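The values are calculated or read from the model by the stated rules, or taken from the named source; none is laboratory data. Please read all numbers here as calculations on a predicted model, not as lab measurements. Ideal geometry is used to build each Cβ from the backbone, glycine not excepted, and the neighbour counts take in all protein chains shown.
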2 protein chains.
Amino acid sequence: MKATMLYGPRDVRFEEREDPKIIQPTDAIIRISATCVCGSDLWPYRGINPITQPTPMGHEYCGIVEEVGSAVKTVKPGQFVIGSFFASDNTCPHCQAGYQTSCQHKEFISAAQAPIMRVPLVDGTLVATPDVPSGDFIPSLLAVSDVLGTGWFAAAAANVKPGKTVAVVGDGAVGLLGILSAKQMGAERIIAMSRHASRQKLAREFGATDIVTERGNEGVERIKELTKGIGVDSMLECVGTQQSMMQAIHSTRPGGYVGYVGVPHGVELNDEELFFTHVHLHGGPAPVRRFLPKLIDLVLNGKINPGRVFDLTLPLAQVAEGYRAMDERRAIKTLLRP
Amino acid sequence: MKATMLYGPRDVRFEEREDPKIIQPTDAIIRISATCVCGSDLWPYRGINPITQPTPMGHEYCGIVEEVGSAVKTVKPGQFVIGSFFASDNTCPHCQAGYQTSCQHKEFISAAQAPIMRVPLVDGTLVATPDVPSGDFIPSLLAVSDVLGTGWFAAAAANVKPGKTVAVVGDGAVGLLGILSAKQMGAERIIAMSRHASRQKLAREFGATDIVTERGNEGVERIKELTKGIGVDSMLECVGTQQSMMQAIHSTRPGGYVGYVGVPHGVELNDEELFFTHVHLHGGPAPVRRFLPKLIDLVLNGKINPGRVFDLTLPLAQVAEGYRAMDERRAIKTLLRP
């Protein structure tokens, strides 16, 4: 098969690789229905995370089970499945507590930007749909695999509840789906921080009630103005830079909640500054597995349409263009079809 | 009257000062029954927080109301009252949310190491007991004013619940009363991190089930050993140094809670490191006012005896020796009687 490899900054190649095979009895082989490029793929693509050797790419996936190892009990060939970007056993104490991305046996998923992939720890990682869904559902089910699951975790970590005032820093796919998540959780007011017309439009479609275009201290001031000087109850931080993190913390009311899911890059928190803000802080790599059954259900029942974040669809062979379009912010998120 | 002033590092003076008077109609004048030296007073005493001018000291107090301003409604002369180290209106949105130490009109209390003091915003700050309590209760009621309220907030911020495994970093008065608080909240196992025999003894008396003497990474390893490699559910950080904070974060299970109340001094959190720990972080200056009614009730009903942390009692005139004893760790906490 041909699959996606990153050789170095902005050097994505679609090239011949060996077909994946069952290695452990808990593995499965999946024929990918759709995969995509993640915002976090852009960190190594831009050279911010160094690439030391050619690296297979992709960790968002859904598709049809082709083969399962001898120990697999919960899925079988022919089923349509969705998994998270970390394989997990879903039985260890951390999984039982709902933190499958801290599983004692976790394995990071890679090589999903391919027609076929191997998934480890299948029984703890994959969730099958009741039937093979129609093609219309594929983009939204693929979104569940990472970006929706991550936006949902941001909203959960930020303690979004009915009637609350919420803000979202970051207008990438995760931030936009954080808005959708906050709306589903009953937020009354959702302030999207965005300065891009197309993203503002999608933010409103997903449930944003206000748009703030200012950033940094000006963004904080604007949020304070919109909330009678109080700050928001819940803040979703979906970027991961020093500026975005401080903007999130200082826009939140004392006793409010900051859920942060943007993988931090070079962010240092001054603990004394944090101390006097009185905010709750929680986040990390989203334990998407915790939310998969619920989110799949919401998609299949037509309650949400998170696949709207894919504004570019390409054949998998054009994956390099998919990265370029996101890097240059011509696309919010690129869906790839094998 | 004579009262306590800090002139510079280790330069505490008990000297003539003007008697405090009602300034605002919301003020009261209190005749102090007992006051004390706070662990946080040692920061300026040691010169770590610089002193730029002679500063009146003390923010923990209980006593008898002598006089109230014309707008005061909830207390009257002759009543015994307890307040927190921040005056608050207890009506603004932050107070209503339970964060009175972030009150929009907060004023830091000072000059409580004196026979008489002025308290502002009385209706939002002071709580009166049903009757004037007997002298036996004074140390415990004084402890409610700050150290117990702060230890209680650490436990609340760390989400201590019945059956949970808790650890406490810091064996000062706040840490010790964090143990008492966790016990009251139903914790099943309470690990005290302490290497001082007399403090270990009090920790056990307050409810500690295990003692860990190691610090830093070794302390983290020891906690992991005691919890089957998982980490604790709830961690109370009651020191405020880089080492204590990292010890707290890394001893906590993914999805667990760190409540931090040690005023941070030079602590920088690497956000990426924090991200992958999956802990909840919450803390700040304890909103003691939120807990006053409940804690006063526990004391007066004989359920708790937090006054046990005072292991040195001196006449107020010997306040300088009270500071020295705590600085040299000869005393856990010094009670001062005018």
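Go over the candidates B:Leu295, B:Leu274 one by one and state the one that is among the aliphatic types (A, V, I, L, M) and either within 20 Å of the chain's Cα centre (by Cα) or assigned by TED's automatic domain parsing to the domain that holds B:Gly39 (or both).
Of B:Leu295, B:Leu274, the one residue that is among the aliphatic types (A, V, I, L, M) and either within 20 Å of the chain's Cα centre (by Cα) or assigned by TED's automatic domain parsing to the domain that holds B:Gly39 (or both) is B:Leu295.
From the list B:Ile48, B:Ile29, which one is among the β-branched types (Val, Ile, Thr) and modelled with pLDDT under 95?
After applying the criteria, what remains is B:Ile48.
For the range A:79-115, which positions are surrounded by fewer than 20 Cβ atoms within 10 Å (Cβ to Cβ) and assigned to a strand (DSSP E or B)?
A:Glu107, A:Phe108
For A:Val261, which of the numbered conditions (1) under 18 Å from A:Gly39 (Cα atoms); (2) within 14 Å of chain B (Cβ to nearest Cβ); (3) out of contact with any Ser or Thr (no Cβ under 8 Å at 6 or more places or on another chain); (4) at pLDDT 95 or above fails to hold?
With (1) under 18 Å from A:Gly39 (Cα atoms); (2) within 14 Å of chain B (Cβ to nearest Cβ); (3) out of contact with any Ser or Thr (no Cβ under 8 Å at 6 or more places or on another chain); (4) at pLDDT 95 or above applied to A:Val261, the lone miss is (3).
For the range A:42-64, indicate whether the set of residues that are more than 30 Å from B:Ser234 (Cα to Cα), away from chain B (no Cβ under 14 Å) and among the charged types (D, E, K, R) is non-empty.
For the range A:42-64, residues more than 30 Å from B:Ser234 (Cα to Cα), away from chain B (no Cβ under 14 Å) and among the charged types (D, E, K, R): present.
Sort through A:Leu281, A:Leu269 and tell me the only one that's within 26 Å of B:Phe276 (Cβ to Cβ), facing chain B (nearest Cβ under 8 Å) and either at pLDDT 95 or above or in a loop (DSSP other than H, G, I, E, B) (or both).
Sole residue among the options that is within 26 Å of B:Phe276 (Cβ to Cβ), facing chain B (nearest Cβ under 8 Å) and either at pLDDT 95 or above or in a loop (DSSP other than H, G, I, E, B) (or both): A:Leu281.
(1) within 12 Å of chain B (Cβ to nearest Cβ); (2) touching a Pro at 6+ places or on another chain (Cβ under 9 Å): which one isn't true of A:Ala286, the others all being true?
Unmet condition: (2).
So, in the range B:222-246, how many residues would count as being touching a Ser or Thr at 6+ places or on another chain (Cβ under 9 Å) and either on the phi < 0 side of the Ramachandran plot or away from chain A (no Cβ under 14 Å) (or both)?
Here the count works out to 13.
What about A:Thr227, is it under 23 Å from the mean Cα position of the chain (by Cα) and not hydrophobic (A, V, I, L, M, F, W, C)?
No: the conditions fail for A:Thr227.
With respect to B:Ile190, determine if the residue is β-branched (Val, Ile, Thr), outside the structural domain of B:Ile296 (by TED's automatic domain parsing), in contact with a Lys or Arg (Cβ under 7 Å, 6 or more places away or on another chain) and part of a strand (DSSP E or B).
yes
Please verify whether the range B:138-150 includes one or more residues that are at pLDDT 95 or above, outside any loop (DSSP other than H, G, I, E, B) and within 14 Å of chain A (Cβ to nearest Cβ).
Yes.
Of the residues that sit in the range B:116-127 and are within 19 Å of the chain's Cα centre (by Cα) and assigned to a strand (DSSP E or B), which one is surrounded by the fewest Cβ atoms within 10 Å (Cβ to Cβ)?
B:Val127
With the checklist (1) assigned to a loop (DSSP other than H, G, I, E, B); (2) without any contact (Cβ under 8 Å) to a residue 60 or more places away in the chain; (3) surrounded by 14 or more Cβ atoms within 10 Å (Cβ to Cβ) in hand, flag the one item A:Thr26 doesn't pass.
It fails just one condition, (2).
Determine whether the range A:275-297 contains at least one residue that is free of Cβ contacts under 8 Å to residues at least 12 places away in the same chain and under 30 Å from B:Gly266 (Cβ atoms).
Yes: the range A:275-297 contains one or more residues that are free of Cβ contacts under 8 Å to residues at least 12 places away in the same chain and under 30 Å from B:Gly266 (Cβ atoms).
Give the number of residues within the range B:5-52 that are closer than 25 Å to B:Gly175 by Cβ and either among the charged types (D, E, K, R) or not assigned by TED's automatic domain parsing to the domain that holds B:Phe310 (or both).
The number of residues fulfilling the criteria is 3.
Is at least one residue of the range B:195-216 part of a helix (DSSP H, G or I), in contact (Cβ under 8 Å) with a residue 12 or more places away in the chain and within 24 Å of A:Phe275 (Cβ to Cβ)?
Yes, the conditions are met somewhere in the range B:195-216.
What do you reckon, is B:Val160 part of a loop (DSSP other than H, G, I, E, B), aliphatic (A, V, I, L, M) and under 17 Å from B:Leu295 (Cβ atoms)?
In short, yes.
Among the candidates B:Leu236, B:Leu226, B:Leu269, B:Leu316, which residue alone is crowded, with 19+ Cβ neighbours inside 10 Å and in the same structural domain as B:Asp123 (by TED's automatic domain parsing)?
Within the list B:Leu236, B:Leu226, B:Leu269, B:Leu316, the selection yields B:Leu316.
Can you tell me which of B:Arg289, B:Arg324, B:Arg308 is among the basic types (Lys, Arg), crowded, with 23+ Cβ neighbours inside 10 Å and in a helix (DSSP H, G or I)?
It is B:Arg289.
Does A:Ile211 satisfy being surrounded by fewer than 24 Cβ atoms within 10 Å (Cβ to Cβ) and either in contact with a strand residue (DSSP E or B) (Cβ under 6 Å, 6 or more places away or on another chain) or assigned by TED's automatic domain parsing to the domain that holds A:Val299 (or both)?
In short, yes.
Out of all the residues in the range B:242-266, which are crowded, with 23+ Cβ neighbours inside 10 Å and part of a loop (DSSP other than H, G, I, E, B)?
Within the range B:242-266, B:Ser251, B:Val261, B:Gly262, B:Pro264 qualify.
So for the range B:84-94 (the condition being β-branched (Val, Ile, Thr) and under 19 Å from the mean Cα position of the chain (by Cα)), does at least one residue qualify?
There is no residue in the range B:84-94 that is β-branched (Val, Ile, Thr) and under 19 Å from the mean Cα position of the chain (by Cα).
In the range A:128-144, how many residues are among the aliphatic types (A, V, I, L, M) and buried (at least 21 other Cβ atoms within 10 Å of the Cβ)?
Number of matching residues: 4.
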